[in-house]
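Below: the structure, in structure tokens.
No lab work stands behind these numbers, since they all come straight from the coordinates. Values in this document were obtained by computation on a predicted structure and should not be read as measured data. Note: ideal-geometry Cβ built from the backbone for every residue, glycine included; neighbour counts use all protein chains shown.
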Amino acid sequence: MLKICFKMKCVLILCVLFQLSFILMVTSSPRVCVIGAGVGGLSTVRYLIKENIKFTALESTKYVGGTWRYDERVGQDEYGQPIHTSMYKHLRTNLPKVIMELHDFPMPKDTPSYPPWENYYNYLKSYAEHFDLYKHIKFQHHVTSVKKIDDIWRVKYKHIPTENEFEEEFEYVVVAAGHHSKPHRPIFPGEHLFKGTIIHSHDYRVPETYTCRRVLIVGSGPSGMDISLDVAYVSKILVHSHHSKIDFRTPFPKNYIKKPDIKEFNGTGVIFTDGTYEDIDDVIYCTGYEYHYPFLDESSGLNISAHSVVPLYRYLVNINQPTMLIMGLVVRACLVVALDAQARYATALIKGDFTLPPQEVMMRDWQRQYDVIRSTGRPLSHIHLLAYKEDEYYAALTEESGIERVPPVFYKIRTMNMQSMLENLYTYRNYAYKILDRDTYEKILLEHEDSPKNIDCTSTS
């Protein structure tokens, strides 16, 4: 009888100890703040849930999907908040769907090879529904301040409709707020004299506004090239000003006029640096965006300028405050794939699956990148450039964190897609890509409709 009682006491003590250890484990698990519910935020939330990591996810709008949601409005919403999305009505992805998919969640089979924004936005909503993410996100909660105080991140945020304010403490902060909402807007001499309209591509929505107008597009990035073609169908002339050295071999329409940089404006048009002049009715600046995180202060340890956020380890980890991660800053990459890989890397770090190198080692790694850029005379913005290093980057993330490797075929398809774009901006979307294995793919020519014809503006003065 005494032996039985003793055994029961031992079992009881073990149960209590187990409960105590479980309570300690739960209470000691890191608390994470995820800012934003676009592609990066959704991916991070998915993996944090999977690993039972406590988090608060804050999204300033009513929606998931970030910039992939089209909103015909520009300027401000009904609460006076800026419209963040830069989506325009006719946008199609400039990467094929096979490298726009999130990890282990394929798009529907009937999705076009280069989906319109509607398809991709619906895909992101389906992703959030499939992984039951909606209930974990606080919508219409705007982050106003993130400060590091005594080894804790203090995050202040406001519920927009009620203006109620909150403050929470976290061990980790994942900034997934994107960087395509604050326009980079150049100012040229004489611009104040110009009597036409001037907008940034952030506020471009539909081409019909420019029917039989003389339109100037400034910039040759992805939006500059795409919007040029979108507007060229309806405009009387399309003047395209840029200094890109990329050899675009596209057979542009007769109403397309290539020009160098702007020298100055006058009341009715623009003088270019080669001395030529064009009468212009409307101007669209496709001049990119600025990095803008107004909720961060000097306690973040980051140096944030219009075109760079430094110093970062693995293009992601804040070296001076390694419990902060800034997602999606990489350029010239399969961005959705990169965001998903970064989300898995961040989750593995927060969970404790691996530890980062010492701060001085991470800084040396970043300094090497910085020195290469400076030695070649390139701008600091190139510190975020992956390009030919993309597959190497995915390999490094896997080697360090143990996450599943992004297959090399993704980078290979992106490279081929870029070559097709250079050949012809009108036809590169007429192909589908079929992944055969981790390293190889098949490029397939699709049946396609002829491109729409330019409208006749000959009767318009």
Problem set entry | Share, in percent, of DSSP beta bridges within region 191-285 that are antiparallel, nearest 5 | 25
Seminar exercise, completed: The farthest towards the positive end of the charge dipole of region 191-285, of the residues Gly224, Phe265, Thr250, given +1 on Cβ of Lys and Arg and -1 on Cβ of Asp and Glu, is Thr250
Problem set entry | Placed amide H near Tyr441: partners under 5 Å, 5+ positions off or other chain | Leu436
For this session: Considering the options Pro358, Ala348, Leu316, tell which one lies farthest towards the positive end of the dipole of region 306-387, charges being +1 on Lys and Arg and -1 on Asp and Glu at the Cβ, about the Cα centre.
Result: Leu316
Problem set entry | Acute angle (nearest 10 degrees) that the helix 222-232 long axis makes with the longest principal axis of the chain, alpha-carbon atoms | 40
For this session: Express the Stokes-Einstein translational diffusion coefficient of region 191-285 in µm² s⁻¹, to the nearest whole number, given a Kirkwood radius over alpha-carbon pairs, 25 °C and a viscosity of 0.890 mPa s.
Result: 185
Exercise. Going out from 0 in 10 Å bins, what whole percent of all Cα-Cα distances in region 159-211 drops into each bin?
Worked result: 13, 26, 27, 19, 13, 1
Seminar exercise, completed: 1/(1 + (r/R0)^6) with r = Cβ-Cβ of Arg249 and Thr415, R0 = 22 Å, i.e. FRET efficiency to nearest 0.05, evaluates to 0.85
Exercise. Of the listed peptides 428-439, 232-243, what is their order by residue-averaged count of other C-beta atoms within 10 Å, with the highest listed first?
Worked result: 232-243, 428-439
Exercise. Going through region 42-79, which trypsin sites (Lys or Arg not before Pro) have at most 16 other Cβ atoms within 10 Å and a DSSP loop state?
Worked result: Lys62, Arg73
Seminar exercise, completed: At R0 = 22 Å the Cβ-Cβ FRET efficiency linking Lys453 and Asp279, nearest 0.05, sits at 0.35
Exercise. Each residue of region 376-393 in order: what ³J(HN,Hα) in whole Hz does its phi give by Karplus 6.51 cos²θ - 1.76 cosθ + 1.60, θ = phi - 60°, with x for Gly and Pro?
Worked result: 9, x, 7, x, 4, 4, 6, 5, 9, 7, 9, 6, 5, 8, 4, 5, 4, 5
Problem set entry | Bins of 20 Å from zero: percent of alpha-carbon pairs in the chain | 21, 52, 22, 4, 1, 0
Exercise. Using mean Cβ contacts within 10 Å as the protection proxy, how do 310-317, 410-417 order, highest first?
Worked result: 310-317, 410-417
Exercise. Counting DSSP beta bridges with both partners in the chain, what percentage is antiparallel, nearest 5?
Worked result: 50
Seminar exercise, completed: Magnitude of the Cβ-charge dipole (Lys and Arg +1, Asp and Glu -1) of the chain about the Cα centre, nearest 20 debye, reported as 740
Problem set entry | Alpha-carbon centroid distance for the pair region 395-410 / region 211-237, whole angstrom | 39
Exercise. In whole Hz, what ³J(HN,Hα) sequence does region 62-77 give by Karplus (6.51, -1.76, 1.60; θ = phi - 60°), x for Gly and Pro?
Worked result: 8, 10, 8, x, x, 6, 7, 8, 7, 9, 5, 6, 10, x, 10, 8
